[in-house]
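I have placed the structure first, in the form of structure tokens, so that the comments after it can refer back to it.
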Amino acid sequence: MRLRLILLILSLLAFLSASIGGYLYYTSLKEAAFKAADRRANTRVALLKQNFSAFLLENIKPAQALAGMEALRELLVRPGEASRESANALLDIFKSALKADVCYLMDHAGTTVASTNRNAPDSFIGKNFAFRPYFQQAIHSAPATYLALGTESNRRGAYYSFPVFEKGGDVPIGLTVIKASIEEIENKLDLSNDETVLVTGSHGIVFISNRKEWLYGSMRKLAPREKAELTRSRQFGQGPWSWIGLEIVTPNLAKDLAGVEYQVHRSAVAPETYPGWTIVYLQRLEAISKSVSDPLIRITGPIVLSLCVLIGLSVFLLYREASREIGKRLEVENALRKSDARYRSLYHNTPAMLHSIDPEGRLISVSGHWAEALGYTPSEVIGKKLTDFLTESSKRHAQEQIFPEFFKAGTCQEIPYRFVKKNGERIDVLLSAIADRDERGSIKRSLAVSIDVTERNRAEEALRLAKEELSRYSRDLERQVEKRTREITSILSNTPDVVYIKDLEGRYVLINARYEALLGRKNEAVRGKTDFDILPRDIARKVRRNDQKVLRDNQSFQFEELVPQDGTMRTFLSVKFPICDESRRPISVCSISTDITDLKKAQNQLRRLSGSIMVSQEKERAAIARELHDELGQVLTALRMDAVWLTERLRASDPQGVERARAMCDLIDKNIDEVRGLALRLRPGVLDDLGLVDALEWYTADFERRMGITCVFEHGEFPAIGDRMATAAYRITQEAMTNVARHADAGHVWVSLKIRDRRMILSVKDDGRGFDTPLPTEAEGLGVAGMVERAGLAGGSLSVKSKPGMGTEVRLTVPLAA
């Protein structure tokens, strides 16, 4: 009886302990879930802020560039139809390039004189927007940004304005405005049903939100004075700006009219540019609690049932059950440790410059990419001040302005800095950071990410120079057009090219003097006849087929055509284009044909010479690679042996010298690796020794290591091929993958080498940004001309397929018989 009582008491104690433990476990899980949700929300708000700030600031520089265009200044100074058409054409180009909603030009009185929506029902032409703050600020020589609802279009937008000055003047004569659509950034929010994002103005009016029913509503009940002020500003339409029903219970808790409670997080959008604008991030408390309760009920339900059944069992079973629970807890702890290790690995291996500093400005952690980008190891920089790695001007800017503001506000966005690398090279970055605070709210460290914008700054400078060159070229082009107009009649009658016009039935309407001499007939004798009347039938059939293609597709083409002359066949390059009526229907076809018989002969000779040059080039590369590997490689190896000897020699007498000698060893090792890599890229020995398949497999692996782009190389059974074909395939692959690294912004590259129908097919495909397949003259910068030349010399052909956003594929096809 006593044993039963003891077992009963022990069972009750075990049940009570399990119940209390379950409650405490649930409470701790719930508290942890709320803390985790708070951290995720802070991170989400920081990302939303960064995205909003980037969107709201991206058109400031384009507005400045647009304000500097001569065509807009010309319209404001000398208004007229010609200047208005030029200004409208320029605005259309900017609107298309920027994907903006509207681009328009205003005079000094605030009236719109040119606009991309000039033909729309809600056109801005003739409308006066002088009441807008972006006009009032820009007309006083200061660029402005502004968020508002359009008074004409009734669409939300971000307005960017910049003053237009007369040449040599400092008083604005007008201003340019770029309006970007707000719907674009709303479509990118990607929120769940339990998340709500609001972007509000200074009066709490909701301007951006994933909840459409709250748009233009107010976060609080507005006083009549505030409504009158909003009505005068017309920033958010005509009202009524009703309260959305969201009651702020505490700074971090809100409740709507349906009684739903939300966790609240706030952050200023961009205090310097958009004062008073705030991001409000709401997350339903029910969803946070549910993330804890649902899994807990699903897991503990069977456990509670088991406990009820086990009440009558022995203490031994209860003990064994407790031991099993302890084992599960250990598994959870191990999983948490593994998660922490994964986070640290992600931080140090992510391809971004990440770092943290303490309140004294000293580095307490850096990512591997940050150290690699500056040429240091993490141990060399930890504990040093961040400003030690900045240029003098960036250092003063950080110490005098950025650091005091950051440790006061806890955030900074896209601060331009210039870092000095270990080798003395300088790189430009944009730094954004948020503060990590302790329980008292004091900043204990920063979490910062830096983006390398060195190449972008260089590109912007190159774009500015290109615009200046384009302006000069446009003026010169106008003068040339006037001159060419006077010369066109003389050129047509005296040109050595064959020029003729035919009607839709292929009957000659006009031929020039050169064609008369070629045919031995006058214009009057040829007019009204067809090619079948004056040329051999097979040649006439090809010429007619070319004419019909031009008329059918209603666009120009180039053809190579044969024409008999004095018993020989002459080759002509014919440029044919349709002549259309007012409705763009073709009414005749015109051809300008150039005798390229001698040029074709010269091209064949040049192709043979080009092949000889490429063979010599490959031999020279192989020789240079051998010299680098055999001569310079041996010298560097000898230097390293001397440095190691010097390290051992100085170990007991000169510790500082030992450190210098070890640094020399590291530097020599790095140079040995660089020399080996350079020799392999010049002429990989594996191509000569093992063949094309092994050479491509080595190159794709080396490319993935150097560029951080995932490479997949696929091949089947592959026979031995000639050296020229193998070299051409390898160099084409090398050039194509170099283009991927420079231009494609791709994450993956697929290289395929196959034999199909007695043809070798090599394909290099990426998932990058792609492009509209350009004309050959436009593609020379991508090395396409060189790849085409190599393919032709190998007896094959090369094709390039690409579309914007769908990647690019370069395909080489060579018959094995070649």
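The values are calculated or read from the model by the stated rules, or taken from the named source; none is laboratory data. It should be emphasised that the depicted structure is a prediction, and the values quoted were computed from it without experimental measurement. Neighbour counts are summed over all protein chains in view; Cβ atoms, including those assigned to glycine, are modelled from backbone coordinates with ideal geometry. All accessible areas refer to the heavy atoms of the entire protein, side chains included, with ligands and DNA or RNA removed. Shrake-Rupley method; radii C 1.70, N 1.55, O 1.52, S 1.80 Å.
Residues in segment 235-248 that are in a strand (DSSP E or B) and open to solvent by less than 80 Å² (accessible area, probe 1.4 Å): Ile248 alone.
For segment 47-61, filtering for residues that are part of a helix (DSSP H, G or I) and surrounded by fewer than 19 Cβ atoms within 10 Å (Cβ to Cβ) leaves 8. Residues that are assigned to a loop (DSSP other than H, G, I, E, B), closer than 18 Å to Ile173 by Cα and among the basic types (Lys, Arg) within segment 62-99 comprise just one, Arg78. Taken together, the residues in segment 420-455 that are among the charged types (D, E, K, R) and either touching a strand residue (DSSP E or B) at 6+ places or on another chain (Cβ under 8 Å) or open to solvent by less than 50 Å² (accessible area, probe 1.4 Å) (or both) amount to 9.
Flag: Tyr500 does not match the condition of being in contact with a strand residue (DSSP E or B) (Cβ under 6 Å, 6 or more places away or on another chain), without any contact (Cβ under 8 Å) to a residue 24 or more places away in the chain and open to solvent by less than 70 Å² (accessible area, probe 1.4 Å).
Scanning segment 520-529 for residues that are surrounded by 12 or more Cβ atoms within 10 Å (Cβ to Cβ) and either polar (S, T, N, Q) or not in a loop (DSSP other than H, G, I, E, B) (or both) returns Asn523, Ala525, Val526.
Note on segment 338-361: residues that are touching a helix residue (DSSP H, G or I) at 6+ places or on another chain (Cβ under 8 Å) and either crowded, with 16+ Cβ neighbours inside 10 Å or at pLDDT below 85 (or both) amount to 10. Taken over segment 798-817, residues that are modelled with pLDDT under 90 and at positive phi amount to 1. The residue that is farthest from Glu704 (Cα to Cα), among those in segment 753-769 that are open to solvent by 20 Å² or more (accessible area, probe 1.4 Å) and either touching a residue at least 24 places away in the same chain (Cβ under 8 Å) or part of a strand (DSSP E or B) (or both), is Arg758. For segment 703-742, which residues satisfy the criterion of being at pLDDT 85 or above, outside any helix (DSSP H, G or I) and not β-branched (Val, Ile, Thr)? Within segment 703-742, Gly708, Cys711, Phe713, Glu714, His715 meet the criteria.
Here Glu714, Glu697 are screened, and the one residue that is surrounded by fewer than 13 Cβ atoms within 10 Å (Cβ to Cβ), more than 22 Å from the chain's Cα centre (by Cα) and among the charged types (D, E, K, R) is Glu714.
Any idea how many residues of segment 420-479 are more than 20 Å from the chain's Cα centre (by Cα) and closer than 24 Å to Thr387 by Cα? Residues in segment 420-479 being more than 20 Å from the chain's Cα centre (by Cα) and closer than 24 Å to Thr387 by Cα: 19 in total. Within segment 178-198, the set of residues being more than 22 Å from Ala254 (Cα to Cα) and part of a strand (DSSP E or B) comprises Ile178, Lys179, Ala180, Ser181. Would it be correct to say that Phe532 is outside any loop (DSSP other than H, G, I, E, B), touching a helix residue (DSSP H, G or I) at 6+ places or on another chain (Cβ under 8 Å), over 17 Å from Leu573 (Cα atoms) and of a type in the set (A, V, I, L, M, F, W, C)? Judged against the criteria, Phe532 is a match. Exactly one residue out of Lys188, Lys212 is charged (D, E, K, R), touching a residue at least 40 places away in the same chain (Cβ under 8 Å), out of contact with any Cys (no Cβ under 6 Å at 6 or more places or on another chain) and within 25 Å of Leu246 (Cβ to Cβ): that is Lys188.
Restricting attention to segment 154-197, the residues that are open to solvent by less than 20 Å² (accessible area, probe 1.4 Å) and of a type outside the set (Asp, Glu) add up to 21.
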